[in-house]
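Since the structure comes first, as structure tokens, the remarks are kept for the end.
The values are calculated or read from the model by the stated rules, or taken from the named source; none is laboratory data. From a predicted model like this one, the values you see are computed outputs, not experimental measurements. Because the Cβ atoms are built from the backbone with ideal geometry, glycine has one as well, and the counts that use them run over all protein chains shown.
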Amino acid sequence: MVDVFGINVASYSGVESLLNKDVRIKGASITFVNPHSYFLAKNSHEYKSCLERMTYVFPDGIGVVKLAKRMGHHNISRVSFDNSSIAPDIFRYCKEHGLSVGFIGGHPGVASDFSMNLKKIYEYDRFYPISDGYASFDDIVDRAGEIDFDCIVVGMGSPNQELICERITKPGLVVFTCGGFMDQSLVSYEYYPKIINKLNLRFMYRLYKEPRRLWRRYLVEYRVFIFIYLKAIFCVKSI
């Protein structure tokens with residue numbers, strides 16, 4: 001993990017590094033940060049402390065990757081839990097190794113529909129809904145503990161998903177956060193058009209698709225990250 005202006009991020013080295021037997025025995029918590037995470041970290045000590053205790057924190061967002069590279073961390077690349085990045089690799093690995101995966105998040109019914117879709121896509125029946133993302137934290141934690149899952153994927157948005165992730169992580173369990181991936185996947189399996197992925201314009205596409213929900217994040221709260229990036233340009237010599 002390397003410090004990128006107050007948030008430690010890791011370099012991704014493949015699905016095996018996240019789900020090998022040794023990692024699963026110990027248990028692991030894995031999340032992803034983007035420019036919005038810097039706003040949250042500045043305004044929530046609880047969230048920032050939670051990030052510091054995660055096993056892995058990967059940069060989900062080209063802005064964070066560029067900031068890391070400007071600071072000399074050239075082995076950092078974008079990683080996210082969606083179909084444009086590592087999610088298919090994770091699901092295939094779980095199928096190949098007989099691992100069970102539970103899902104938490106979304107409105108009532110989303111985790112169930114998402115699990116059913118994955119069963120059809122991967123022809124594998126060990127994908128299970130656990131809870132929607134609107135139940136109480138205590139209820140979610142209780143439901144997550146009812147079955148000994150190998151992996152759990154939590155899509156509740158930050159900071160809630162990280163806080164839940166920390167509460168349910170234990171030896172023998174690997175927990176991932178995924179943001180709005182389940183909802184997006186139910187809209188379209190390939191949520192982002194190829195040209196959007198190629199040009200790293202995912203944030204603009206999401207703003208276009210969900211303006212009422214995301215306008216404040218991108219147009220107001222992103223100013224914290226923009227200030228940090230400008231500081232890096234003028235105060236940090238790229239290596």
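Could you tell me whether any residue of the range 83-101 is within 18 Å of ILE164 (Cα to Cα), out of contact with any Leu (no Cβ under 6 Å at 6 or more places or on another chain) and aromatic (Phe, Trp, Tyr)? Steps first, answer last, please.
Kept after step one, since they are within 18 Å of ILE164 (Cα to Cα), are these residues of the range 83-101: 101.
With out of contact with any Leu (no Cβ under 6 Å at 6 or more places or on another chain) added as a condition, the list becomes 101.
Still in the running and aromatic (Phe, Trp, Tyr): none.
Within the range 83-101, none of the residues are within 18 Å of ILE164 (Cα to Cα), out of contact with any Leu (no Cβ under 6 Å at 6 or more places or on another chain) and aromatic (Phe, Trp, Tyr).
Could you please give the count of residues in the range 147-164 that are buried (at least 23 other Cβ atoms within 10 Å of the Cβ), hydrophobic (A, V, I, L, M, F, W, C) and in a helix (DSSP H, G or I)?
1
Given the criterion touching a residue at least 60 places away in the same chain (Cβ under 8 Å) and touching a strand residue (DSSP E or B) at 6+ places or on another chain (Cβ under 6 Å), identify the matching residue among PHE103, PHE58.
PHE103
Just to check your reading of the model, which residue among GLY109, GLY105, GLY133 is among the small types (Gly, Ala, Ser), over 16 Å from PHE32 (Cβ atoms) and buried (at least 18 other Cβ atoms within 10 Å of the Cβ)? Outline the logic, then answer.
Numbers: GLY109 fails: buried (at least 18 other Cβ atoms within 10 Å of the Cβ); GLY105 fails: over 16 Å from PHE32 (Cβ atoms).
Sole residue among the options that is among the small types (Gly, Ala, Ser), over 16 Å from PHE32 (Cβ atoms) and buried (at least 18 other Cβ atoms within 10 Å of the Cβ): GLY133.
Residues SER17, SER13: which one is in a loop (DSSP other than H, G, I, E, B), of a type in the set (Gly, Ala, Ser) and either surrounded by fewer than 15 Cβ atoms within 10 Å (Cβ to Cβ) or in contact with a helix residue (DSSP H, G or I) (Cβ under 9 Å, 6 or more places away or on another chain) (or both)? Quick ask: steps written out before the conclusion?
Details: SER17 fails: in a loop (DSSP other than H, G, I, E, B).
Being in a loop (DSSP other than H, G, I, E, B), of a type in the set (Gly, Ala, Ser) and either surrounded by fewer than 15 Cβ atoms within 10 Å (Cβ to Cβ) or in contact with a helix residue (DSSP H, G or I) (Cβ under 9 Å, 6 or more places away or on another chain) (or both) holds for just one of SER17, SER13, which is SER13.
If I filter the range 20-39 down to residues being of a type in the set (Gly, Ala, Ser) and surrounded by 18 or more Cβ atoms within 10 Å (Cβ to Cβ), which single residue comes out as farthest from ILE226 (Cα to Cα)?
Narrowing the range 20-39 to residues of a type in the set (Gly, Ala, Ser): 27-29, 37.
Within this subset, residues satisfying the condition of being surrounded by 18 or more Cβ atoms within 10 Å (Cβ to Cβ) are 28-29, 37.
Working: ALA28: 31, SER29: 28, SER37: 12 Å.
This residue is ALA28.
Filter the range 129-154 down to the residues that are in contact with a helix residue (DSSP H, G or I) (Cβ under 8 Å, 6 or more places away or on another chain) and over 22 Å from VAL187 (Cβ atoms) and list them by number.
Within the range 129-154, ALA135, PHE137, ILE140, VAL141, ALA144, GLY145, ASP150, CYS151, ILE152 meet the criteria.
Do you know which of the residues in the range 20-31 that are out of contact with any Pro (no Cβ under 7 Å at 6 or more places or on another chain) and not in a loop (DSSP other than H, G, I, E, B) is farthest from PRO88 (Cα to Cα)? If you could, list the steps in order and put the result at the bottom.
Here is the first cut: in the range 20-31, the residues out of contact with any Pro (no Cβ under 7 Å at 6 or more places or on another chain) are 20-24, 28-31.
If we keep only those that are not in a loop (DSSP other than H, G, I, E, B) too, we end up with 21-24, 28-31.
Numbers: LYS21: 19, ASP22: 22, VAL23: 19, ARG24: 19, ALA28: 19, SER29: 19, ILE30: 16, THR31: 16 Å.
In this case the residue turns out to be ASP22.
Taking the range 191-210 as the search range and keeping residues that are modelled with pLDDT under 70 and in a helix (DSSP H, G or I), which one is farthest from ARG78 (Cα to Cα)?
Selected residue: LEU207.
Among the residues in the range 225-239, are any assigned to a helix (DSSP H, G or I), within 30 Å of ARG167 (Cβ to Cβ), modelled with pLDDT of 80 or more and more than 17 Å from the chain's Cα centre (by Cα)? Walk me through how you get there before you give the answer.
Kept after step one, since they are assigned to a helix (DSSP H, G or I), are these residues of the range 225-239: 225-235.
With within 30 Å of ARG167 (Cβ to Cβ) added as a condition, the list becomes 225, 228.
Filter once more, so that each one left must be modelled with pLDDT of 80 or more: 225, 228.
Filter again for more than 17 Å from the chain's Cα centre (by Cα), leaving 225, 228.
Yes; the residues of the range 225-239 include at least one that is assigned to a helix (DSSP H, G or I), within 30 Å of ARG167 (Cβ to Cβ), modelled with pLDDT of 80 or more and more than 17 Å from the chain's Cα centre (by Cα).
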